[in-house]
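The values are calculated or read from the model by the stated rules, or taken from the named source; none is laboratory data. It should be emphasised that the depicted structure is a prediction, and the values quoted were computed from it without experimental measurement. Here the Cβ is made from the backbone with ideal geometry for all residues, glycine too, and neighbour counts use every protein chain on show. Side chains included, ligands, DNA and RNA excluded: accessible areas come from the protein's heavy atoms. Shrake-Rupley method; radii C 1.70, N 1.55, O 1.52, S 1.80 Å.
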Amino acid sequence: MRVVDLRSDTVTSPTADMRRAMAGAEVGDDVYGEDPTVNALEELAASMVGKEAAVFLPSGTMANQAAVLTHTARGDEIIVEADAHIYWYEAGGVALLAGVQVWPLPGCRGVLDPETVKAAVRPANIHFPRTSLVCLENTHNRAGGAVWPLDRLDAVTGAAHAAGCAVHLDGARIFNAAIALGVPAARIADGCDSVMFCLSKGLGAPVGSILAGSRPWVVQARRARKVLGGAMRQAGVIAAAGLVALRDMVDRLAEDHMHARRLADALVGIPGITVRPDEVDTNMVMLATRRPAAEFCSALAARGVRTGFMDANRVRLVTHKDVSADDVDHATSVIAAVARGGRSP
Ligand code: TLP
């Protein structure tokens, strides 16, 4: 059976160039700072997001957790948008590991309002937790790959800083946002004290994420990585693929965005599902389904189209380098058939 995997861009497999680079990678013990390939990756990654330094971690989740640990003290409060990955999909890690409580603020497609942020920062009062951090997400996963407008991002980072908070950006897909906006990723991360991004999503590397910030902050974040068990040894073997990802795989994200739009456009008007092509900013398409989403996903999976269950009536489709235009067209016909309740071709 033909399989088209639209569950996530995390399913991408490494390219032949990545596998070659991994096989030939020069390595050393990274805990001693002696892995030349990791050092090269951290340097390139920091420069691409306009920060002084960066640290390589095994996953985006660990990088977000390390960031929160580094920015906060136990008993602090952090502000996040109510649909944030940090709030939904990190197994309560910030409570467990950093010992902080979360104030989830309502956003509009993942985007916060500066006045709402300002109002949520607690004044100094013996009864209140200290608000130390505002976490933003761009592109925004649960909002369907939504991109923050730059002026809004500047306004929110400005409001957070004016209120005495640090800003962390969960930029797991920051390069998708950069391609969509036509600006360097460094522009997006500009007002943020720290930024995380993933090499293992649309960029196609098998493993790894980056956490970047000022040089002294990254020294602290390295310590948090150690605490979390994420300091690795001959990590150059995986960092080598990350270097290829950063050098060769960023510009092609535009193709994934075109495919997502092609998918959304083709699904408009099909009974049983609702799709908003105008809300496809990057490589994700959200479907509202009349049938329960879990049932809809299983019916698609039985016909070889893998999709992501989001909520009771919401399904996520993610395009990536291992999905061609032809795969998109095939998936469209299967989705249309299942939505109509008929059989797929
Ligand atoms: N997101 C995954 C799942 O965890 C939901 C996906 O398939 O989209 N921040 C954001 C915005 C993310 O979307 C993800 C992964 C992460 C952080 C965590 O990265 P990993 O999976 O490397 O821990």
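Which pairs have Cβ atoms under 8 Å, sit 6 or more apart or on different chains, and link a residue in segment 315-344 that is without any contact (Cβ under 8 Å) to a residue 60 or more places away in the chain to one that is assigned to a helix (DSSP H, G or I) and open to solvent by 30 Å² or more (accessible area, probe 1.4 Å)?
Once the first residue is without any contact (Cβ under 8 Å) to a residue 60 or more places away in the chain and sits in segment 315-344, its partners that are assigned to a helix (DSSP H, G or I) and open to solvent by 30 Å² or more (accessible area, probe 1.4 Å) give Ser344/Ser333.
When segment 118-151 is examined, which residues are found to be outside any loop (DSSP other than H, G, I, E, B), open to solvent by 70 Å² or more (accessible area, probe 1.4 Å) and aliphatic (A, V, I, L, M)? Quick ask: steps written out before the conclusion?
Quick first cut of segment 118-151, residues outside any loop (DSSP other than H, G, I, E, B) only: 118-120, 131-137, 140, 146, 150-151.
If we keep only those that are open to solvent by 70 Å² or more (accessible area, probe 1.4 Å) too, we end up with 118-119, 151.
Scanning segment 118-151 gives a single hit, Ala119.
Quick one: is Leu243 within 16 Å of the ligand (Cβ to nearest atom) and either without any contact (Cβ under 8 Å) to a residue 24 or more places away in the chain or closer than 22 Å to Cys198 by Cα (or both)?
Values: within 16 Å of the ligand (Cβ to nearest atom): no; either without any contact (Cβ under 8 Å) to a residue 24 or more places away in the chain or closer than 22 Å to Cys198 by Cα (or both): yes.
No.
Check every one of the helices (runs of 4 or more DSSP H) wholly within segment 231-345 and list those with 1 or more residues that are touching a Lys or Arg at 6+ places or on another chain (Cβ under 6 Å).
Details: elements: 236-248, 253-267, 293-302, 325-339.
Counting at least 1 such residues, we get 293-302, 325-339.
Go through the residues of segment 157-164 one by one and say whether even a single one is over 19 Å from Leu211 (Cβ atoms) and touching a Pro at 6+ places or on another chain (Cβ under 8 Å).
yes
Within segment 152-182, restricting attention to residues that are in contact with a Leu (Cβ under 7 Å, 6 or more places away or on another chain) and either of a type in the set (Gly, Ala, Ser) or farther than 19 Å from Ile79 by Cα (or both), which residue is surrounded by the most Cβ atoms within 10 Å (Cβ to Cβ)?
The qualifying residue surrounded by the most Cβ atoms within 10 Å (Cβ to Cβ) is Asn176.
Touching a residue at least 40 places away in the same chain (Cβ under 8 Å) and within 21 Å of Thr282 (Cβ to Cβ), is that true of Glu115? Steps first, answer last, please.
Values: touching a residue at least 40 places away in the same chain (Cβ under 8 Å): yes; within 21 Å of Thr282 (Cβ to Cβ): no.
Criteria not met by Glu115.
Condition first: within 21 Å of Asp311 (Cα to Cα), free of Cβ contacts under 8 Å to residues at least 60 places away in the same chain and touching a helix residue (DSSP H, G or I) at 6+ places or on another chain (Cβ under 9 Å). Now tell me which residues in segment 83-105 satisfy that. First the steps, then the outcome.
Looking only at segment 83-105, we keep the residues that are within 21 Å of Asp311 (Cα to Cα), and these are 83-92, 104-105.
Going one step further and asking which of them are free of Cβ contacts under 8 Å to residues at least 60 places away in the same chain, we end up with 87-92, 104-105.
Result: Tyr87, Tyr89, Glu90, Ala91, Pro104, Leu105.
Could you please tell me which pairs satisfy a Cβ distance under 6 Å, a separation of 6+ or placement on different chains, a first residue in segment 4-19 that is within 19 Å of Pro58 (Cα to Cα), and a second residue that is open to solvent by 60 Å² or more (accessible area, probe 1.4 Å)?
Thr12/Asp322
Yes or no, residue by residue, for (1) touching a residue at least 60 places away in the same chain (Cβ under 8 Å); (2) open to solvent by 60 Å² or more (accessible area, probe 1.4 Å):
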residue: Pro184; (1), (2): yes, yes
residue: Ile210; (1), (2): yes, no
residue: Arg215; (1), (2): yes, yes
residue: Ala235; (1), (2): yes, no
residue: Asp251; (1), (2): yes, yes
residue: Arg262; (1), (2): yes, yes
residue: Val275; (1), (2): no, no
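Among the residues in segment 57-68, are any modelled with pLDDT of 95 or more, over 19 Å from Arg173 (Cβ atoms) and open to solvent by 40 Å² or more (accessible area, probe 1.4 Å)?
no
Considering only segment 1-36, state which residues are open to solvent by 80 Å² or more (accessible area, probe 1.4 Å) and either touching a Lys or Arg at 6+ places or on another chain (Cβ under 7 Å) or of a type in the set (Ser, Thr, Tyr) (or both). Outline the logic, then answer.
Filtering segment 1-36 for residues open to solvent by 80 Å² or more (accessible area, probe 1.4 Å) gives 1-2, 7, 19-20, 23, 26, 32, 34.
Those that are open to solvent by 80 Å² or more (accessible area, probe 1.4 Å) and either touching a Lys or Arg at 6+ places or on another chain (Cβ under 7 Å) or of a type in the set (Ser, Thr, Tyr) (or both): Arg7, Tyr32.
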